[in-house]
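The structure under discussion appears below in the form of structure tokens.
The values are calculated or read from the model by the stated rules, or taken from the named source; none is laboratory data. A quick note: this is a predicted structure, and the numbers were derived from the prediction, not measured. FYI the Cβ positions are ideal-geometry reconstructions off the backbone, even for glycines, and counts take in every protein chain you see.
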Amino acid sequence: MISLNFGGRFLKIVLLIITSMGVIFCFQKGFFMKTQSTLIPRKVLFGNPDRTQVRISPDGNYLTYIAPYKNVLNLWLQPLNPAGEAILLTHDTGRGVQGYSWAYDNQNLLYIQDRDGDENWRLFKVDIVTKKITTLTDEKKVRVTIMGTSYKHPHLVLIGLNNRNAEYHDVYMLDLRTDTKKKIYENNEFAGFEVDDDLTLRLACKMTETGGMDWFIQKKGTWELYRSFNAEDNSTSSPAGFSKDGSHIYWLDSKGRDLAVLTLSDVETQKTKIIATPTKTDFSSAAFHPTENVPLWLGKNYMKPEKEFLDKTYAKDFQYLETLRPGTVPTLAGTTLDFNQWIVACLSDDGPVYYYLYNRTYQKADYLFSNRKSLEGLALSPMVPLELKSRDGLTLVSYLTLPPGISLKTAQNLPTILLVHGGPESRDSWGYDSQHQWLANRGYAVLSVNYRGSSGFGKKFVTAGNKEWGRKAHDDLIDAVQWLIKEKISDPHKIAIFGGSYGGYATLVGLTFTPDVFACGVDIVGMSNLITLLNSFPPYWKPILSSIIQKAGDPKTEEGLKLLAERSPLTHVDKIKRPLLIAQGANDPRVTQAESEQIVDAMRKRNIPVTYVLYPDEGHGFAKPDNRISFYAVAEKFLAACLGGKFEPIGDDFKGSSIQVKEGAIHR
């Protein structure tokens, strides 16, 4: 799938103002934009969190998290036994640490970084005793993946590297004691592997030409076909891990049903029993015991997150955890190897994440901190879950956030942002969303829609989006807009469409296929030409490309080329008549810079105004806070010009940013 996740929105007419960066915006004649002291600063909403990715070491002696140092996210270590002050472990000055995990040796942390958003991940380790940082993989144009770790082999890590063949990852065993790696499997055909606790390659998968998945099992050094899923089942079916002794496999399996059940299957006989059956929505997560490898509870997320307990003893834990902050949803964020100490994150839709350290033996939780202290006590808006209907009868789970102090009963004729998620095989969910809160605080109603093709609602719903990009998937968005208008929540003349990745594509579709519906659009790293998109993916996507073709169209056939051209916004660029803002990361490997520049060039040749901003040190989104804040400053003023919302003056929000204004727009 194309994991393209974001949100976006924008513009309108007559007088112009030139900002200090040379971006030109227009305003309706007689329009006066006001700033108010009640505005939440963009730096509060989009700056670095105070702490994130909070974990506990396997032995329970240390707390770790990612937090800023000189405005760059770095790794920190805090002793727990005995308690001590937090220690800075890394001193990165660039993109920062974006993800990490504990090794089971309780001594090393593993983390990854790319170069300016190119997604060629490099692997590093930091020794918490010596504080030494070691580069474990650092080849250019090579991408590392962590395939497996195990408490049985605490010093070993199974990794994949595509340094021999860019399309496939060979498998290496990395020894953290010596920092050496040994190739254990040369891969020339498989898209991925499943390993057991002995770090043995047990299963391998290969995508079929029609988007299905064949799973192979390794027996005596050879791979034998073991289980197959067609394209429809593959969208929601996969292995979920091995039993403790390796004799059984857990599967999510949607064969013969819409929602995937959790099953346990004997490796040798394939005799299978159903462990759990979902209703209304796919299982969204599963909590397994760290050493016993048995599922304890399953996550469900239809309109709001819930849990289904397979071991009822854990229901008591959560009954207590729910009393910590009523109205929040306690979630397991980390655990010790004995499963006795948990990091619990309490989530809500209108506040920060609150972290606790929970001891199961004493059933007691100690408060740690929130991820953003500056959000505490602010007047944030609740996110209202909705079930909308498409014109052909599908249920579209959606989320509406309204300006502070306004309810569904009192909302009337509001300027509105339709915020479209990426993927498309992803989904919007209930919870705190910085974009929703930002826009609601500026006076907009904000609606996010799980259109057909979104994941989490069964295989029929996700596959209903196949080859419906810009067709029925867009109809779902338009149907949601019509609901807003019918309910008199939104001013029909002041609705913007805003999105990133596939959401950026949806923005371009909105302004080309339905040019009279939206007042403006904001496109972040969106695709404008589906043919060039499919021909520009990085080589390591080739093993899964048939799945993307199944969803979008086949560029190798005449019929497929016709479909892709017809559904490409670039083909219909002459229909654009509303203001458009485009933002792009120069190093994006998924939706390359060419996707933005093609449509900008086409608009320029036709004398259609457009604003285009480029970030030379970003990829598929904005990792650096200075870049993030500068973009939202531009977007905010753009939206205020088009829709009349409130705005915070740009001030010094371009400071430290790499923003380049490649094209400025004048609208008359």
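Points worth noting:
- Residues that are β-branched (V, I, T), in a helix (DSSP H, G or I) and closer than 21 Å to Q482 by Cα, drawn from segment 501-536: T507, V509, T512
- In segment 583-638, the residues that are part of a helix (DSSP H, G or I), acidic (D, E) and within 22 Å of G651 (Cβ to Cβ): D626, E636
- For the residues G465, G456, the requirement of being at positive phi, at pLDDT 95 or above, within 20 Å of the chain's Cα centre (by Cα) and not aliphatic (A, V, I, L, M) singles out G456.
- Figure legend. Inter-residue proximity from segment 261-276: first residues in contact (Cβ under 8 Å) with a residue 12 or more places away in the chain, second residues among the acidic types (D, E), beta-carbon distance below 9 Å, spacing 6+ or different chains. Indicated pairs: V261/D253; L262/D253; T263/D253; S265/D253; T272/D253; T272/D266; I274/D253; A276/E308.
- Hits in segment 93-112 (condition: within 20 Å of D175 (Cα to Cα) and not charged (D, E, K, R)): Y100, S101, W102, A103, Y104, N106, Q107, N108, L109, L110, Y111, I112
- Filter pass, A519 being in contact with a helix residue (DSSP H, G or I) (Cβ under 9 Å, 6 or more places away or on another chain), more than 30 Å from S490 (Cα to Cα) and buried (at least 20 other Cβ atoms within 10 Å of the Cβ): no
- Just so you know, in segment 627-668 the residues that are of a type in the set (V, I, T) and within 22 Å of I599 (Cα to Cα) include one that is farthest from the chain's Cα centre (by Cα), and it is I666.
- You will find that of T90, T134, the residue that is among the hydroxyl-bearing types (S, T, Y) and either surrounded by 17 or more Cβ atoms within 10 Å (Cβ to Cβ) or modelled with pLDDT under 95 (or both) is T90 and no other.
- Meets criteria (closer than 30 Å to Y168 by Cβ, touching a Gly at 6+ places or on another chain (Cβ under 7 Å) and modelled with pLDDT of 95 or more) for L563: yes
- Restricting segment 283-328 to residues that are in contact (Cβ under 8 Å) with a residue 60 or more places away in the chain and assigned to a strand (DSSP E or B), the residue that is farthest from S265 (Cα to Cα): P305
- Residue list for segment 615-668, filter: within 19 Å of N48 (Cβ to Cβ) and of a type in the set (K, R): K624, R628, K655
- The single condition from (1) polar (S, T, N, Q); (2) touching a strand residue (DSSP E or B) at 6+ places or on another chain (Cβ under 7 Å); (3) surrounded by 19 or more Cβ atoms within 10 Å (Cβ to Cβ) that S284 fails is (3).
- The set of residues in segment 497-516 being under 17 Å from A641 (Cβ atoms) and either among the acidic types (D, E) or in contact with a helix residue (DSSP H, G or I) (Cβ under 6 Å, 6 or more places away or on another chain) (or both) consists of I497 alone.
- Among (1) among the small types (G, A, S); (2) surrounded by 19 or more Cβ atoms within 10 Å (Cβ to Cβ); (3) touching a Leu at 6+ places or on another chain (Cβ under 8 Å), the one test that A586 misses: (2)
- Some residue of segment 241-249 being at pLDDT 95 or above and under 24 Å from the mean Cα position of the chain (by Cα): yes
- When restricted to residues that are closer than 26 Å to D245 by Cβ and in a strand (DSSP E or B), segment 138-159 contains 12.
- Hits in segment 53-84 - residues which are in a strand (DSSP E or B), polar (S, T, N, Q) and over 26 Å from the mean Cα position of the chain (by Cα): Q78
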